[in-house]
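The values are calculated or read from the model by the stated rules, or taken from the named source; none is laboratory data. The model shown is predicted, which means the values in this text are computed figures rather than measured ones. No Cβ is skipped: glycine too gets one built from the backbone with ideal geometry, and neighbour counts run over all protein chains shown. Remember, those area values only see protein heavy atoms, side chains included, never the ligands or the DNA or RNA. Shrake-Rupley method; radii C 1.70, N 1.55, O 1.52, S 1.80 Å.
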Amino acid sequence: MTEDATQNPPEQAPAPSQPAHGAADRDHQLRSAHGVLTTLGQRLRRAVLGRDEVIELVLIALISDGHVLLEDYPGSGKTTLARALGEGIEKDSGAPEIQAFKRIQFTPDLLPSDITGTNIFDPQGGFNFRRGPIFSHIVLADEINRTSPKVQSAMLEAMGEKQVTVDDASYELDDLFFVIATQNPLDLAGTYPLPSPQLDRFLFKIAMKNIEREAELAVLGSYPTPTLRSADSLPKVTRSAVLSTRHVTRQHVHISQAVKESLVDLARSIREDPRVLQGASTRSLVLSMPALQARALMHGRDYVSPEDLAFLAPRIFPHRLECSPGVDDPVAITQEHVAPQLDRLARAALRG
């Protein structure tokens, strides 16, 4: 791994020892996986300027097999981001024909079959299933809170189980299936707020703010060449490479028992806070583990550090909390409860 991994000693017990050839193979797999993240990150940063933190979170969600909800304003680059990610992943040779990227504009009159697909009658041979736009690697679900609960429930099944059900028949989605959903934080007229179970399916809920002045100048400076076209000159990765990166991250990036205990104790302390009516679910703890591993790998480490927990906790837990009336800052509540866990991990590192 990188210099960062060797100069910063892990705060947890090391992974079990391996034979020399096994360790060398493991390091090779980790370097390859880190290269996949680096390649995708370079393409996204070329296509979307001034959004480095959002890009990092999107890549973490992709590698940890989660989904992302962007709370943004029109013209903030969400479509460019999703398209750049989809176009940066090539389908494997011989793989089924699946689109790299699809955008679904959610409206009040949308039907579940408009996204999942429907059965079409063929006079020559009965009914044939015609796949909808959800059968894609990267799906941009634009203004997801504008559609009816019936359509939202169809998305819930797809995001949670990677399958859709049409006329009592289930159809598998691709293993790479990844959703980037958006909602406008100001325009609430005629919307259907996402229920807690669907919010819990999103690994991150990211509030996108306006980019810095220098980044906006860089966007204008790229005219007349679109940033997406500029990103086309950079290398791509294959679908199988992304799936392999997921596997390598889960298998070879170490999570200590101390970090797992800190996650559980963090969730329990949030649930016991009198300002919180509904706390973080056990599912959120399970989803947070590959996210911590993905961030560690992105920063060149083969172990999860307290820094990863400090960075990700305020982005994983707040949108899952239902707070008491008058309490409107779940991020501050999460940061308040994560601080003692970080102190505990730091003391454990010193004792180690």
Mind checking which pairs have a first residue in the stretch 206-229 that is more than 30 Å from Pro314 (Cβ to Cβ) and a second that is surrounded by 14 or more Cβ atoms within 10 Å (Cβ to Cβ) and among the basic types (Lys, Arg), Cβ under 7 Å, 6 or more apart or different chains? Leu228/Arg83
Considering the stretch 322-341 alone, what residues qualify as being free of Cβ contacts under 8 Å to residues at least 60 places away in the same chain and either touching a Leu at 6+ places or on another chain (Cβ under 8 Å) or β-branched (Val, Ile, Thr) (or both)? Cys323, Ser324, Val327, Pro330, Val331
Check on Val253, touching a strand residue (DSSP E or B) at 6+ places or on another chain (Cβ under 7 Å), modelled with pLDDT of 95 or more and open to solvent by less than 10 Å² (accessible area, probe 1.4 Å): yes
Answer from Ala332, Ala348 - the residue that is out of contact with any His (no Cβ under 9 Å at 6 or more places or on another chain) and either more than 29 Å from Leu30 (Cβ to Cβ) or not hydrophobic (A, V, I, L, M, F, W, C) (or both): Ala332
Of everything in the stretch 86-104, what is exposed (fewer than 13 other Cβ atoms within 10 Å of the Cβ) and either part of a strand (DSSP E or B) or within 21 Å of the chain's Cα centre (by Cα) (or both)? Give them in sequence order. none
Unique match (being without any contact (Cβ under 8 Å) to a residue 24 or more places away in the chain and open to solvent by less than 60 Å² (accessible area, probe 1.4 Å)) among Asp122, Asp109: Asp122
Just for the stretch 293-311: of the residues that are of a type in the set (A, V, I, L, M) and open to solvent by less than 10 Å² (accessible area, probe 1.4 Å), which one is nearest to Ile63 (Cα to Cα)? Ala294
Scan the stretch 262-292 for residues that are open to solvent by 40 Å² or more (accessible area, probe 1.4 Å), touching a residue at least 40 places away in the same chain (Cβ under 8 Å), closer than 18 Å to Ile333 by Cα and in a helix (DSSP H, G or I) and jot them down. Asp265
From the options Asp302, Asp308, residue that is among the charged types (D, E, K, R), within 30 Å of Gly35 (Cα to Cα) and either in contact (Cβ under 8 Å) with a residue 60 or more places away in the chain or touching a strand residue (DSSP E or B) at 6+ places or on another chain (Cβ under 9 Å) (or both): Asp302
Residue selected from the stretch 322-340 under the condition open to solvent by less than 20 Å² (accessible area, probe 1.4 Å) and not hydroxyl-bearing (Ser, Thr, Tyr), by the criterion farthest from Asp65 (Cα to Cα): Ile333
Within the stretch 28-85, work out how many residues are open to solvent by 10 Å² or more (accessible area, probe 1.4 Å), in a helix (DSSP H, G or I) and closer than 21 Å to His319 by Cβ. 4
In the stretch 305-319, the residues that are touching a helix residue (DSSP H, G or I) at 6+ places or on another chain (Cβ under 6 Å), within 11 Å of Phe204 (Cβ to Cβ) and not β-branched (Val, Ile, Thr): Leu312, Pro314, Phe317, Pro318, His319
Considering residues of the stretch 182-232 that are of a type outside the set (S, T, N, Q), part of a helix (DSSP H, G or I) and open to solvent by less than 70 Å² (accessible area, probe 1.4 Å) only, the residue farthest from Leu287 (Cα to Cα): Gly221
Please note which strands (runs of 3 or more DSSP E) are completely contained in the stretch 134-174 and include at least 3 residues that are over 18 Å from Gly86 (Cα atoms) and open to solvent by 10 Å² or more (accessible area, probe 1.4 Å). 163-166, 169-172
